[in-house]
Amino acid sequence: MDIPHNAHVLVIDGSKVLLFRNDGGVADPELCLVTHSEEESTATRDQGTSQPGKTQAGGGDARSGYEQTDFHQQDEDRFAAEAAEMLKREVLAGRIQTLIVVAAPRTLGELRKHYHAEVQKRVIGEISKDIVGRPTHEIAMLVARS
């Protein structure tokens, strides 16, 4: 995928976001970090205080259990929503004209739910891949090859 000059590349997973701008050209992208954010999320087992409840179906002795709330996933979904809000602010302020999004698969799905219409207009490509932990030059290479 071509990364146009001055295009922004958002790289995100459930707890870390990197926003780059291509200061190079299409043939030789040079991603420069514009902003980053990282959030710690405690595992669900460390957040819950008790076992999930049970319910009794009417007319019998059978009981059904409720699923454990996945607090860790809730944290990751909230993080994706916050990243979408940041993109909205940047786009509406005129700082992002062209955007490529590279995200872990579940995070990409969550981001899409929260895209503002103006953000969506600027997305020229999406890559469903978790590469947030890679060095910048590898990120540029992986995006260019996708």
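The values are calculated or read from the model by the stated rules, or taken from the named source; none is laboratory data. None of the values given here were measured: they were computed from a predicted structure. Positions of Cβ are generated from backbone atoms using ideal geometry, with glycine treated the same way; all protein chains shown enter the neighbour counts. The area values use the complete protein model at the heavy-atom level, side chains included, leaving out ligands, DNA and RNA. Shrake-Rupley method; radii C 1.70, N 1.55, O 1.52, S 1.80 Å.
For segment 50-57, does any single residue satisfy the condition of being within 16 Å of ARG78 (Cα to Cα) and at pLDDT 55 or above?
Looking for residues that are within 16 Å of ARG78 (Cα to Cα) and at pLDDT 55 or above, one finds none in segment 50-57, hence no.
Determine whether segment 128-137 contains at least one residue that is farther than 17 Å from ASN6 by Cβ, open to solvent by less than 30 Å² (accessible area, probe 1.4 Å) and not in a helix (DSSP H, G or I).
Scanning segment 128-137 turns up at least one residue that is farther than 17 Å from ASN6 by Cβ, open to solvent by less than 30 Å² (accessible area, probe 1.4 Å) and not in a helix (DSSP H, G or I).
Can you name the residue in segment 9-23 that is more than 14 Å from the chain's Cα centre (by Cα) and open to solvent by 10 Å² or more (accessible area, probe 1.4 Å) and is also nearest to PRO105 (Cα to Cα) among such residues?
ARG21
Looking for something assigned to a helix (DSSP H, G or I) and crowded, with 17+ Cβ neighbours inside 10 Å - is there at least one such residue anywhere in segment 112-122?
Yes - at least one qualifying residue is present in segment 112-122.
Here are LEU111, LEU99, LEU92: which of them is over 11 Å from ILE12 (Cβ atoms) and within 14 Å of the chain's Cα centre (by Cα)?
LEU99
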